[in-house]
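The values are calculated or read from the model by the stated rules, or taken from the named source; none is laboratory data. Predicted model only: the values in this text are computed from it and were never measured. When we count neighbours, we look across all protein chains shown, and the Cβ atoms used for this are built from the backbone with ideal geometry, even at glycine.
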Amino acid sequence: MTKSDDEEPLMTTQTCNRFFAALAASALLALSACGGSDAASDTASDTAPELAADVDEAAPEEATAVPVVAVAAILESSASLTVTGEALPPLEDPNNDAAVGTAAPVVVGATFDGTEVSIGGPTDGPTMLVFLAHWCPHCNDEIPEIATLRDRGDLPDNLNIIGVSTAVQPDRDNFPPSSWIVEKDWTWPVLADTADSEAIQLYGGTGFPFTVMLNADGTVNARKSGNESADQILEWINTALLTV
C-alpha cells in the first residue's frame, strides 16, 4: 500500500502476526494468518497492532467503588470475560471454513455502560457478530454500510446484530470507542472486549472488520474478514441464512 506523508501507516502483516502470536500464546491458539484470507483478497481488511503495554485498566477494587454513572467513562475494555466452550479455529478460507457447523463459545461480558451482554449460545434467531477496532479505517467504512441496510429496511427481521469493540488502543484514532460507536451511528448492542482481545481470539478472528454469522442454536454458519458494500453485505447475509 502507499500513503501520503501525513497519513499514519497501516499495520504491517509482521506487526499483526506478532500481535496475534503473543495473544495466542496465552490462549493456546495458533493464528497463522492476518487480515483477509486469500479467498477474499479483493476485500479490504485491516490488521491488528501490538497492544500497548500501558493500556489503562482500572483495578477491580477501584471499579467497584466508582458510581455506576461513571462506569461508561472508564469501561472501554472489559476487565474479564466468562467463557463457556472451545475456541474456534482461526479463519483461513471463508469458502471452506472448518468452524462452520461447530458450536461457538459463549462469551459473557459487558457493554460500555457495564450492562451484561453475551455472544454465542441459543437465541431467538440468527446472530451476526461484527468485531470492530476503532482505529481501523476498514471498520469505519463497514459500519455505515450496515447502517444503510438498516435504514433501507433490508436486514432480515429475525436477525440479531451485536458489535464487539476489540483491540482498543488509547493512542490511536477515534478513541474512546464508547464515543466512536455512537458517532458512527451503530445502534445495536456492543460487547467491550478485554484489553488483550480475548473475544476475537476465541472466535478465530484474523483481521478487521471480522464478521461471524451464528445460527439460532449457536453454531457457526459463516465467517468473513474485510469490509464490503451494503449490497455485498446483504448478499453474504442472505446466502448464509439460506443454509440455515
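Against the test of being of a type in the set (A, V, I, L, M), touching a helix residue (DSSP H, G or I) at 6+ places or on another chain (Cβ under 8 Å) and either assigned to a helix (DSSP H, G or I) or at pLDDT 95 or above (or both), the options A87, A58 yield a single qualifying residue, A87. Would you check if there is a residue in region 172-190 being assigned to a loop (DSSP other than H, G, I, E, B), out of contact with any strand residue (DSSP E or B) (no Cβ under 8 Å at 6 or more places or on another chain) and without any contact (Cβ under 8 Å) to a residue 24 or more places away in the chain? No, the conditions are met nowhere in region 172-190. Every condition in (1) surrounded by 24 or more Cβ atoms within 10 Å (Cβ to Cβ); (2) at pLDDT 95 or above; (3) not aromatic (F, W, Y) holds for T206 except the one numbered (2).
Residues in region 214-244 that are touching a helix residue (DSSP H, G or I) at 6+ places or on another chain (Cβ under 7 Å) and either more than 20 Å from D141 (Cβ to Cβ) or in a helix (DSSP H, G or I) (or both): N221, A222, A230, I233, L234. Given the criteria in a helix (DSSP H, G or I) and surrounded by fewer than 23 Cβ atoms within 10 Å (Cβ to Cβ), does T148 qualify? Yes, satisfied. Counting the residues of region 211-232 that are among the charged types (D, E, K, R), under 11 Å from V100 (Cα atoms) and surrounded by fewer than 18 Cβ atoms within 10 Å (Cβ to Cβ) gives 0.
Among the numbered conditions (1) farther than 14 Å from F208 by Cβ; (2) touching a residue at least 60 places away in the same chain (Cβ under 8 Å), the only one that R150 does not meet is (2).
If you go through region 95-121 and pick out every residue that is crowded, with 18+ Cβ neighbours inside 10 Å, in contact with an Asp or Glu (Cβ under 7 Å, 6 or more places away or on another chain) and part of a strand (DSSP E or B), you end up with 1. Can you confirm whether region 193-204 contains a residue that is over 29 Å from P170 (Cβ atoms) and of a type outside the set (S, T, N, Q)? For region 193-204, residues over 29 Å from P170 (Cβ atoms) and of a type outside the set (S, T, N, Q): absent.
Considering each residue of region 168-185 in turn, none proves to be of a type in the set (A, V, I, L, M, F, W, C), over 27 Å from L75 (Cα atoms) and out of contact with any Lys or Arg (no Cβ under 8 Å at 6 or more places or on another chain).
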